[in-house]
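This report refers to the structure that appears directly beneath it.
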Amino acid sequence: MVRSTPLEERKKKRTAIMGEELIRVEDLRKHFPLQTGFIANIVNRGKIPAVKAVDGVSFIIKRGEVFGLAGESGSGKSTVGRLVLRLLEPTSGRVIFDGVDLGGLPQEDMRRMRARMQIVFQDPLASLNPRMSIGQAIEHPSQIHMPEFSQADRRTQALDILKAVGMNPAESFYDLFPHQISGGQRQRVALARALVTFPEFIVADEPIAMADVSVRAVLLDLMMKMKEEFELTYLFITHDLATAKYVCNRIAIMYLGKLCEVGPLDEVYGNSAHPYTRALLEAVPVPDPRYRRTQAMPAGEIPNAINPPSGCHFHPRCPIARPNCSVDEPPLREILPGHQVACHYAEDLIK
Amino acid sequence: MTDDILYSVRNLTVEYKTRAGVVRAVDNVSLDIRRGEILGLVGESGCGKSTLGKALMRLHDGPASITGGELWFDGRNLMDLSLREMPDIRGAEIGMVFQDPMTSLNPIQRIMDHLTETIHAHEPETSDSSARARAEELVERLGIRHERLKEYPHQMSGGMRQRVMISLALALRAKLVIADEPTTSLDVIVEAKFLDLLKELQKEFGLTILLITHNIGVVAEVADRVAVMYAAKMAEVGTVGSVFGDPKHPYTQGLLRSVPNIKLDGADLYKMGGQPPSLLHPPSGCRFHPRCPFVMDICSEHEPIFSPVVGDQLAACWLYQGHGANKVVENQEKSNG
């Protein structure tokens, strides 16, 4: 009798339909207090200043899509990624994964849930244990989440996944340590380790930012192949809008803890309705010397998230700001089907 | 050497002594920097571009040393100077801007003091008040209000700190500024503005800039010419128009096609095979041959000569050394044997 592989078993169990809602994030907030403790509480009369890293973010991710989350450093995009996986506890708001509110889950249930959601970080050297061989690193999650497997099963599975991520011959890499392989290969191992529990959802936080330019395209391609093979859904966090263009189906642009625009990639790029999105897209360096930027860049730099500007956070830098922008905060509203924007004057910008 | 060349690097070799052996981070590299140009130096991490940038100021310490070559700067071979004479060149004639301004600026010194100290170090006769006046005028030109000179580095944003770094180079009217990944720690909007500023300074002060970066887009945006390094060797040099329009070296071709272009629709990215090589054990012959789609027998046996292909465009590739190739090999074998 031919034994089916764990992946086939897993696929059989899955009844999910591509395109249905997998993740729903509702009014998510994460405020990091600048001080903690009894004394600080008294001194500040219970109102301790906080960094509002994520301040009221809502979106949904559909099964099978690559949902991009883009913004500059300090916009809160990585914090959203950690909140979605409940690696951080939110200050308020909800994350619903496949119909289950993660916030209400007891620890044991959450641990089981983690097998279904994984993360790939920017720096594989920091996220791989330097004292664990590549084989051990890949088997480790399956020891936790799939205790029913034998050690021999685990090894076979680790080798299969190493092959799948292009580490051939897999046997020759199995006993190596992270420092013995190249940066691009390390990121393949990090991806392999994320895949070993056959998750449905992966948060990829700047997964190619540390890789060499010549291997970035290869890694992106690998991630997309794995997405098809393992029927994955990605939350793709990036600061690089050019890269996002090649992989994302939908994208959200984040500024100072809030979403300013969400929609299908073609819509957000081709018909941007927020002045910040426009500036970001215009600022991306284009690898073609014939191209010249035409629009002026917004003034200043991203303000700090402790005392963000009143009203619309972007108003001090905005080229089309009017007096009410510093008073009224624009809500995220649907301006075209599936295309949401948080700007009072979005209609002036779109075609 | 012609007058329009400010800096001419001839056959430079820089070696690092490591426990595992000697690593040649820059291997027999020649490069001309022309007066008033922005020359982009691109390559992947570990290709030797930063080591080359530092070697131009003879700024290397510990395990690194220049083991061969000449550094002709403005008519002098810097290799003929003693290391004691180098500080007069550094800062005053060649300025440097690094990736992370926070580690280059003194955290407990006000910005004004950075500037006046730099001016006094090289021009001790300058009075305090005129040094201050010069500092104020300069930072205003770079878009920083002069009141902010009394602040400390941590009070400024990343983009402003990078402007301060440039102002330190301009304070002494440096002829050449070596900028090593100056925008890598900046966000795209701030990066775009900083690149605009570099362009303006080039025009206004006739500044020559060597811009070292891994970001192909940045080079396309501001540079006049571009030099591409691969595994400690120079792979290709030419004007930005010619190299981007018609790259000659297969590495350059692959590199340019693997970079995402936000203005392009529907094109797939080129996926370059293999990994960047280790400099401890570089491949034989042409170092790119294990990854090259056009590899020929000769490529793994003999190193191609870095030579003109068309006009000003130089490349180190056997594809363009067709007829002469056999002769070169014969000569090499003769000289070896």
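The values are calculated or read from the model by the stated rules, or taken from the named source; none is laboratory data. This is a predicted model, so every value here is computed, not measured. As a convention, Cβ positions derive from the backbone with ideal geometry for all residues, glycine included, and neighbour counts pool all protein chains shown. Heads up: the accessible areas ignore ligands, DNA and RNA and are worked out on the full protein's heavy atoms, side chains in. Shrake-Rupley method; radii C 1.70, N 1.55, O 1.52, S 1.80 Å.
The set of residues in segment A:123-142 being touching a Lys or Arg at 6+ places or on another chain (Cβ under 7 Å) and surrounded by fewer than 19 Cβ atoms within 10 Å (Cβ to Cβ) consists of A:L125, A:P141.
Tallying residues that are open to solvent by less than 10 Å² (accessible area, probe 1.4 Å) and either touching a helix residue (DSSP H, G or I) at 6+ places or on another chain (Cβ under 6 Å) or hydroxyl-bearing (S, T, Y) (or both) within segment B:224-243 yields 5.
A count restricted to segment A:296-341 and to residues that are surrounded by 13 or more Cβ atoms within 10 Å (Cβ to Cβ), assigned to a loop (DSSP other than H, G, I, E, B) and aliphatic (A, V, I, L, M) stands at 6. The numbered conditions (1) open to solvent by 30 Å² or more (accessible area, probe 1.4 Å); (2) within 14 Å of chain A (Cβ to nearest Cβ) are all true for B:K49 except (1). State which residue pairs qualify: first residue charged (D, E, K, R) and inside segment B:17-29, second residue assigned to a strand (DSSP E or B) in any location, beta carbons under 7 Å apart, and separation of 6 or more residues or different chains. Here the result reads B:R24/B:T13; B:R24/B:E15; B:D27/B:T13; B:D27/B:K233, each pair linking segment B:17-29 to a residue that is assigned to a strand (DSSP E or B). Taken over segment A:294-333, the residue count meeting the criterion of being of a type in the set (D, E, K, R) and touching a Ser or Thr at 6+ places or on another chain (Cβ under 7 Å) is 1.
Considering segment A:217-260, and only residues there that are part of a loop (DSSP other than H, G, I, E, B) and within 14 Å of chain B (Cβ to nearest Cβ), the residue that is nearest to A:G311 (Cα to Cα) turns out to be A:L256. Selection of segment A:293-316 for residues being within 9 Å of chain B (Cβ to nearest Cβ) and either under 24 Å from B:I216 (Cα atoms) or in contact (Cβ under 8 Å) with a residue 24 or more places away in the chain (or both) yields A:R293, A:M297, A:P298, A:E301, A:I302.
For B:L138, the test of being closer than 20 Å to B:I94 by Cα, touching a residue at least 60 places away in the same chain (Cβ under 8 Å) and under 29 Å from the mean Cα position of the chain (by Cα) is failed.
Does A:I161 fit the bill of being in contact with a Lys or Arg (Cβ under 6 Å, 6 or more places away or on another chain) and surrounded by 20 or more Cβ atoms within 10 Å (Cβ to Cβ)? Lay out the reasoning, then the answer.
Working: in contact with a Lys or Arg (Cβ under 6 Å, 6 or more places away or on another chain): no; surrounded by 20 or more Cβ atoms within 10 Å (Cβ to Cβ): yes.
Criteria not met by A:I161.
Would you list the helices (runs of 4 or more DSSP H) that sit entirely within segment B:188-288 and hold 3 or more residues that are more than 10 Å from chain A (Cβ to nearest Cβ)?
Helices (runs of 4 or more DSSP H) meeting the threshold: B:188-205, B:250-257.
Of all residues assigned to segment A:253-272, at least one qualifies as being within 19 Å of A:M297 (Cβ to Cβ) and without any contact (Cβ under 8 Å) to a residue 40 or more places away in the chain.
A:S214 satisfies every condition listed in (1) closer than 26 Å to A:K62 by Cβ; (2) assigned to a helix (DSSP H, G or I); (3) of a type outside the set (D, E, K, R); (4) open to solvent by less than 10 Å² (accessible area, probe 1.4 Å) except (1). Remark: pairs (first residue in segment B:195-213, closer than 14 Å to A:R293 by Cβ; second residue surrounded by 15 or more Cβ atoms within 10 Å (Cβ to Cβ) and of a type in the set (D, E, K, R); Cβ separation under 6 Å; 6+ apart in sequence or on different chains) = B:L195/B:E221. Screening segment A:342-351 for residues that are open to solvent by less than 40 Å² (accessible area, probe 1.4 Å) and assigned to a helix (DSSP H, G or I) and picking the one that is nearest to A:P308 (Cα to Cα) gives A:A346.
For beta carbons closer than 7 Å, sequence separation of 6+ or different chains, a first residue in segment B:67-95 that is more than 21 Å from B:L168 (Cβ to Cβ) and a second that is in a helix (DSSP H, G or I), the qualifying pairs are B:E70/B:M79; B:L71/B:L78; B:L71/B:M79.
Looking across segment A:278-292 at every residue that is more than 7 Å from chain B (Cβ to nearest Cβ) and free of Cβ contacts under 8 Å to residues at least 40 places away in the same chain, the one that is farthest from A:Y345 (Cα to Cα) is identified as A:R290. B:V328 passes every criterion in (1) at pLDDT 95 or above; (2) farther than 30 Å from A:D221 by Cβ; (3) among the β-branched types (V, I, T) apart from (1).
Screening B:R173 against (1) open to solvent by 10 Å² or more (accessible area, probe 1.4 Å); (2) closer than 27 Å to A:E282 by Cα; (3) in a loop (DSSP other than H, G, I, E, B) leaves a single unmet condition, (2).
When you scan segment A:90-106, do you find a residue that is away from chain B (no Cβ under 14 Å), assigned to a loop (DSSP other than H, G, I, E, B) and under 17 Å from the mean Cα position of the chain (by Cα), even just one? Among the residues of segment A:90-106, at least one is away from chain B (no Cβ under 14 Å), assigned to a loop (DSSP other than H, G, I, E, B) and under 17 Å from the mean Cα position of the chain (by Cα), which makes the answer yes.
Yes/no matrix, rows are residues, columns are (1) modelled with pLDDT under 95; (2) of a type outside the set (D, E); (3) closer than 27 Å to A:S182 by Cβ; (4) in contact with a His (Cβ under 6 Å, 6 or more places away or on another chain):
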position: A:T197; (1), (2), (3), (4): yes, yes, yes, yes
position: A:V213; (1), (2), (3), (4): yes, yes, yes, yes
position: A:A217; (1), (2), (3), (4): yes, yes, yes, no
position: A:K258; (1), (2), (3), (4): no, yes, no, no
position: A:V268; (1), (2), (3), (4): no, yes, no, no
position: A:Y276; (1), (2), (3), (4): no, yes, no, no
position: A:R293; (1), (2), (3), (4): yes, yes, no, no
position: A:P298; (1), (2), (3), (4): yes, yes, no, no
position: A:I306; (1), (2), (3), (4): yes, yes, no, no
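Can B:G143 be described as on the phi > 0 side of the Ramachandran plot and either in contact (Cβ under 8 Å) with a residue 24 or more places away in the chain or touching a Pro at 6+ places or on another chain (Cβ under 8 Å) (or both)?
Numbers: on the phi > 0 side of the Ramachandran plot: yes; either in contact (Cβ under 8 Å) with a residue 24 or more places away in the chain or touching a Pro at 6+ places or on another chain (Cβ under 8 Å) (or both): yes.
For B:G143, the condition - on the phi > 0 side of the Ramachandran plot and either in contact (Cβ under 8 Å) with a residue 24 or more places away in the chain or touching a Pro at 6+ places or on another chain (Cβ under 8 Å) (or both) - is met.
Of everything in segment B:247-299, what is of a type in the set (D, E, K, R) and either in contact with a Ser or Thr (Cβ under 7 Å, 6 or more places away or on another chain) or touching a residue at least 12 places away in the same chain (Cβ under 8 Å) (or both)? Give them in sequence order.
Taking segment B:247-299 and keeping what is of a type in the set (D, E, K, R), we get B:248, B:257, B:263, B:265, B:268, B:271, B:287, B:291, B:297.
B:K248, B:R257, B:K271, B:R287, B:R291, listed by residue number.
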